[in-house]
Amino acid sequence: MTTTRLTRYDRAMLRLMNDRRGQAWHATAARRRLAVALHITLTVALGGLMTHLFLAESEPLWTIPVMAVLLLPWMVATGVINGATRGLLELRAHVLDERQSAERSHVLARAHRVTTLLLLAAAAALLITGGLAGDAPKAYAAPLLIAVLVVHWVMPLWVAGLRAQDEPAEDDVLEAAALGR
Amino acid sequence: MSEQVHNRLAMVRAERKVSRQSLAEAVGAHYQTIGYIERGQYNPSLDLALKISKFFGLPVEALFSLEPFRPLTDEVYGRNQP
């Protein structure tokens, strides 16, 4: 980190991602898991509604305000996970230090493995349903593709959120203990 | 790969009254990384270990070791290890 000159954008993002005001939201592993679970639930709901909106024959316009309402907590949950990881996936590579770079590589590799397994399961499901009902692959291909795309996009965030660790003990507490104060 | 590197970073940092944030800025790391090194949850690269040692003006072996450090009082007052 900081071996290259940081741009104004880098510094702004670094400040934003390290803003400690929302620390209580992701201070414990249980809260981080809750944020990830909420994010997964909202992503599934939003993806389902969007698929329904575009593929249903009846043009269900009621899904638009529902999606708008769900988008707000989705963005909050995204912010909480990004806060928990200190912007591991949002900051540019040269802004990260060696531990963060290694962690980002680890997160992306694990997300890639999980996504590969999900793609395999999706392809198998499509082929099996195709074998049972001839036109099923054609009917389900588009929503499945959207679902896979969304999962591929957000999986690193979920993995990073679940791998985030607790903040090290506060400095003043440590110093007081070490100095016998 | 997962060899534990022991360190005295927390003690030296507290002794010199250096905050994690200022040490992190001086060596080009994130303040959490300093905390994880102190907790033994992350082993720094040689580059980072040398930068930290240089910051404190100490040889790298004074801060990092593959063997657990003896308590400082034992070293100062010469008590033999049990």
What are the extents of the Cα atoms of region B:6-77 along their three principal axes, in Å, largest first? 35, 24, 20
Relative contact order computed over region A:34-89 (Cα-Cα under 8 Å; 6+ residues apart), in percent: 45
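Taking GluC sites (Glu not before Pro) as exposed when DSSP calls them loop (any state but H, G, I, E, B) and at most 11 other Cβ atoms lie within 10 Å, what is the longest stretch of chain A free of them, the sites themselves excluded?
Answer - A:58-169.
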Scattering profile of the protein assembly as shown from the Debye formula, Cα beads only, expressed as log10 I(q)/I(0) at q = 0.11, 0.13, 0.14 Å⁻¹, is -0.75, -0.94, -1.04
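What does the charge count around residue A:77 come to, taking other residues whose C-beta lies under 14 Å from its C-beta (Lys +1, Arg +1, Asp -1, Glu -1)?
Details: positive: A:31, A:32, A:33; negative: none.
My count for the surroundings of residue A:77 gives +3.
When the helices in chain A are scored as -39500 (n - 2.57) per DSSP H run of 4 or longer and the sum is shared across all residues, what 222 nm value do you end up with, to the nearest 500 deg cm²/dmol? Intermediate values should be presented prior to the final figure.
Numbers: 6 runs with 130 residues, N = 181.
Taking each H run of at least 4 residues, the total per residue is -25000 deg cm²/dmol.
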Each residue of region A:149-159 in turn: what ³J(HN,Hα) in whole Hz from Karplus with 6.51, -1.76, 1.60 and θ = phi - 60°, glycine and Pro shown as x? 4, 5, 5, 4, 6, 9, 4, x, 5, 5, 5
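Quick note: the coordinates plus some simple rules give every number you see, no bench work behind them. Computed from a predicted structure; not experimentally measured. Cβ coordinates were reconstructed from backbone atoms using ideal geometry, including for glycine residues, and neighbour counts include every protein chain displayed.
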